[in-house]
């Protein structure tokens, strides 16, 4: 990796990083700048992830410009409002209600996040693309994106994997000068230092409930 100024890390074990990297929305620090070299370190780590044919068909768009962040956030909020207007409101106090409140907080403050990151796949994954090619292409970039999020966690930063802006992918591409016909956006990631670093394991059902051996039954 490229030699850069050292930045503090949390010293988590591999298992701790893997099991405590949460989707962070309410606990993003909107006031603390994120140094560019920290982001570059995380991308360097992400580029060590496995990729089909060793092709590294990735690009990373980092958005710091306030006007561009605001334009993207406004598009995001349009699609967010439409999505939640079409769904039944969850029971107050339920886990779904807490998630909705967290998502609403992110939508309201998206333009204030220090950096928005859009990973790009060097291919256009539109309608009609065969499933094997879709799986191959996305399988090349998604491990890199997850590695990026893990690297953020180890450095005291957080993010959340969002995709609502993709309803306006072409418009966002035009805003940022992304060649729409040759690059697909893999998501939108708000990146900031976290307020506290004490993230814990999530409640998940045991593996036995999800695994099948040799046949579906």
Query raised in the report: Are any residues in segment 109-143 farther than 16 Å from residue 183 by Cα, touching a residue at least 24 places away in the same chain (Cβ under 8 Å) and assigned to a helix (DSSP H, G or I), and if so, which ones?
Result: 109, 110, 111, 112, 143
Report task. State whether one or more residues within segment 159-177 are without any contact (Cβ under 8 Å) to a residue 60 or more places away in the chain, assigned to a loop (DSSP other than H, G, I, E, B) and within 15 Å of residue 25 (Cα to Cα). Result -> yes
Query raised in the report: Hey, any hits in segment 202-213 for a residue that's touching a helix residue (DSSP H, G or I) at 6+ places or on another chain (Cβ under 9 Å), surrounded by 15 or more Cβ atoms within 10 Å (Cβ to Cβ) and at pLDDT below 95?
Result: no
Query - Candidate set from segment 32-50 (those that are surrounded by 17 or more Cβ atoms within 10 Å (Cβ to Cβ) and under 13 Å from residue 147 (Cβ atoms)); member that is modelled with the lowest pLDDT - result: 49
Query raised in the report: If residue 26 satisfies every condition in (1) closer than 16 Å to residue 161 by Cα; (2) buried (at least 16 other Cβ atoms within 10 Å of the Cβ) but one, which is the exception?
Result: (2)
Requested in this report: Run residue 140 past the list (1) loosely packed, with under 13 Cβ neighbours inside 10 Å; (2) touching a helix residue (DSSP H, G or I) at 6+ places or on another chain (Cβ under 8 Å) and report the number of the one that doesn't hold.
Outcome: (1)
Report summary line: Of the residues in segment 51-100, those that are over 29 Å from residue 136 (Cα atoms) and not in a helix (DSSP H, G or I) number 11
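The values are calculated or read from the model by the stated rules, or taken from the named source; none is laboratory data. Not measured: the values here are computed from a predicted model. FYI the Cβ positions are ideal-geometry reconstructions off the backbone, even for glycines, and counts take in every protein chain you see.
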